[in-house]
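The values are calculated or read from the model by the stated rules, or taken from the named source; none is laboratory data. Nothing here was measured: the structure is a model prediction, and the numbers come from that model. Cβ sites come from the backbone with ideal geometry, for glycine too, and all protein chains shown count toward neighbours.
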Amino acid sequence: MSRREGTVAAVGSPSLLEGYRLAGAGLYPAAGAADVRAVWAGLPDSVCIVLLTPDAAAHLSDELADPASPLTVVLPS
């Protein structure tokens with residue numbers, strides 16, 4: 001079994017992400033397609049899990065299909 005170490009990022013609407021800071025996630029607020037894609041492209045290499053708001057996930061369909069992308073979880077709406 002392999003072990004990956006890294007950080008957790010939360011991307012999307014700030015009002016939906018604030019509670020994840022308490023769990024240790026780095027918050028990356030973003031609104032709109034261009035903003036979400038810019039945040040995604042600028043995530044640190046240490047990020048291995050990304051929590052996405054539903055709106056953010058909708059803007060990243062192509063990026064999420066890349067097998068080299070970090071593990072992602074879409075938060076419930």
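Computed quantities for the displayed model
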item	result
Total residues in the stretch 38-58, condition aromatic (Phe, Trp, Tyr) and under 9 Å from Ala9 (Cα atoms)	0
Subset tally (residues that are without any contact (Cβ under 8 Å) to a residue 40 or more places away in the chain and either under 16 Å from Gly6 (Cα atoms) or assigned to a loop (DSSP other than H, G, I, E, B) (or both)) for the stretch 41-60	6
Candidate set from the stretch 65-77 (those that are surrounded by fewer than 16 Cβ atoms within 10 Å (Cβ to Cβ) and in contact with a helix residue (DSSP H, G or I) (Cβ under 7 Å, 6 or more places away or on another chain)); member that is nearest to Ser15 (Cα to Cα)	Ser77
So Tyr20, is it assigned to a strand (DSSP E or B) and among the hydroxyl-bearing types (Ser, Thr, Tyr)	no
Subset of the stretch 47-69 [over 21 Å from Glu18 (Cβ atoms) and not hydrophobic (A, V, I, L, M, F, W, C)]	Ser61, Asp62, Glu63, Asp66, Pro67, Ser69
Residue list for the stretch 16-40, restricted to those being of a type in the set (Gly, Ala, Ser) and either touching a residue at least 24 places away in the same chain (Cβ under 8 Å) or touching a Gly at 6+ places or on another chain (Cβ under 9 Å) (or both)	Ala25, Ala30, Ala31, Gly32, Ala33
The stretch 30-43, residues that are surrounded by fewer than 18 Cβ atoms within 10 Å (Cβ to Cβ) and at pLDDT 95 or above	Ala33, Ala34, Asp35, Arg37, Ala38, Ala41, Gly42, Leu43
Candidate set from the stretch 11-20 (those that are within 13 Å of the chain's Cα centre (by Cα) and over 10 Å from Val47 (Cβ atoms)); member that is surrounded by the fewest Cβ atoms within 10 Å (Cβ to Cβ)	Pro14
